[in-house]
Amino acid sequence: MAKVRIENVVKRFDRQAAVNNFSLQIDDGEFIVLVGPSGCGKTTLLRMVAGLETVTEGEMFIDGVRVTNTPPKKRDIAMVFQNYALYPHMTVYNNLAFSLKLRKFSKEEIRKKVTEAAAMLGLADLLDRHPNILSGGQKQRVALGRAIVRNPRLFLFDEPLSNLDAKLRVSMRAEILDIHRRLNSTSIYVTHDQMEAMTMGTRIIVMKDGTIQQNGTPREIYNHPVNKFVGGFIGSPAMNIIRSRVDARSEGTWLTGPDFQLAVPDARAPLLQDHLDKEIYLGIRPESFCHLGASDNGQASFEAVVTLVEPLGSEQLIHFTLAACEMVAKLDPHIPLQYGDRVKLGVKMSDVHFFDLQSEQNLQSAHRAA
Ligand code: ATP
């Protein structure tokens, strides 16, 4: 277990900042997920924590000790990579034992540690095999086992499940979390897959352009995205985001666009006070829509034509166009809808998000901070 402190870290490649003024504190036993689009600096940050990449500016501490320039070997960290990085000429047993042999553990100790890790990962029957005849999931388990036997104080994972098929990814996620709980280790996990981040992280760090956009629990990030980027990045299908005008009318505040008019509940109208007669971005999660009958007269409703139906069993995704934007609604699968149908949809206005057009900040977060 370890505490990690990253202070104002910058990494530049040829004057271009891959990580920019990044600060983060990680507590003993946390499972932190760094998530963001390709090229946002996740791997670079992880490699700096591991000591595989130099730090241009700033400091790193593990358990209060400055490690900014400490070589990887002396950091007591184990890293699991996307490509497994197994030794092809060695059996599973020897792959697991290799780092222990280097550190001059006795044969008996090595056997004990390897046997324990193999049992934990379901590898006991595969110890004599070579990596070339293992499945992707088995290879990734060996890679995990190699990290576990070292009993490091910090685990770093760099997209470890990307090479596995969807079903295996889900079961390996659960296995990694199970191991994390059993070992009570501190872990930093990098992924570009927001679903993986949501299901695995006790805390998620959303990154963009080398900086932290938001640091919070999965629930906080999903329910209270601080800006339009986080709102759009976290969630699947993605949040629908359209430009909308804020109209002050005698009967209250409305959000309007080319083919919609939505009444804002009184409780939320104060958020829009500084934006009257201006445009904002309106963010609507797919599940914030509901299907209305022709006679339902919701004040926050509009009509649209269905352009695609995706029946997913437990729900259906309905695609339509609103204000010239492609939108997706998640609806009850029992509603009989098909391509070309005209539907009336209501919007749960208590759940929608308002983002400033220029700063793209969530007006709710700005309101809270004020
Ligand atoms: P991905 O999900 O695609 O792996 P990432 O978020 O992990 O992306 P990084 O690999 O950290 O992103 O890269 C961040 C930026 O730094 C990118 O623009 C990348 O091109 C650049 N970069 C990374 N390594 C180097 C390097 N050795 N030399 C020059 N530029 C680099």
Residue under evaluation Thr68, criteria (1) open to solvent by 30 Å² or more (accessible area, probe 1.4 Å); (2) assigned to a loop (DSSP other than H, G, I, E, B); (3) under 30 Å from Leu24 (Cα atoms), criterion not met
(1)
Does Gln261 satisfy the criteria of being modelled with pLDDT of 95 or more and polar (S, T, N, Q)?
no
How many residues does the range 267-302 hold that are modelled with pLDDT of 95 or more, of a type in the set (Ser, Thr, Tyr) and within 21 Å of Glu315 (Cα to Cα)?
1
Would you pick out the residues in the range 46-65 that are part of a loop (DSSP other than H, G, I, E, B) and over 23 Å from Leu102 (Cβ atoms)?
Thr54, Val55, Thr56, Asp63, Gly64
Give the number of residues within the range 2-46 that are away from the ligand (no atom under 11 Å from the Cβ), more than 24 Å from Tyr222 (Cβ to Cβ) and buried (at least 19 other Cβ atoms within 10 Å of the Cβ).
4
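Results for (1) outside the structural domain of Leu168 (by TED's automatic domain parsing); (2) assigned to a loop (DSSP other than H, G, I, E, B); (3) surrounded by fewer than 21 Cβ atoms within 10 Å (Cβ to Cβ), shown as yes or no for each residue.
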| position | (1), (2), (3) |
| --- | --- |
| Ala85 | no, yes, yes |
| Lys113 | no, no, yes |
| Ala119 | no, no, yes |
| Gln140 | no, no, no |
| Gly145 | no, no, no |
| Ile148 | no, no, no |
How many residues are touching a Lys or Arg at 6+ places or on another chain (Cβ under 7 Å) and over 24 Å from Gly231 (Cβ atoms) if we restrict to the range 297-345?
2
Asp247: passes all of (1) surrounded by fewer than 22 Cβ atoms within 10 Å (Cβ to Cβ); (2) not assigned by TED's automatic domain parsing to the domain that holds Phe320; (3) not hydrophobic (A, V, I, L, M, F, W, C) but (2)
Which one is farthest from Arg150 (Cα to Cα) among residues in the range 71-83 that are open to solvent by 10 Å² or more (accessible area, probe 1.4 Å) and in a strand (DSSP E or B)?
Met79
Looking at the range 30-41, I want the residues that are acidic (Asp, Glu) and have a partner that is more than 9 Å from the ligand (Cβ to nearest atom) and outside any loop (DSSP other than H, G, I, E, B) with Cβ atoms under 7 Å, at least 6 apart or on another chain. Which pairs are those?
Glu30/Thr186; Glu30/Arg203
Residues within the range 88-102 that are open to solvent by 90 Å² or more (accessible area, probe 1.4 Å) and within 13 Å of Arg146 (Cβ to Cβ), tallied:
2
Residues of the range 241-286 being assigned to a loop (DSSP other than H, G, I, E, B) and in contact (Cβ under 8 Å) with a residue 40 or more places away in the chain, in sequence order, are Pro258, Asp259, Val264, Pro265, Ala267, Arg268, Lys278, Arg285
Answer from Pro218, Pro225, Pro160 - the residue that is under 18 Å from the mean Cα position of the chain (by Cα), touching a residue at least 12 places away in the same chain (Cβ under 8 Å) and within 16 Å of the ligand (Cβ to nearest atom):
Pro160
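The values are calculated or read from the model by the stated rules, or taken from the named source; none is laboratory data. Remember, predicted model here, so these are calculated numbers, not experimental data. Here Cβ is always computed from backbone atoms with ideal geometry, including for glycine, and neighbour counts include all displayed protein chains. Areas reflect the complete protein model, heavy atoms only, side chains present, ligands, DNA and RNA absent. Shrake-Rupley method; radii C 1.70, N 1.55, O 1.52, S 1.80 Å.
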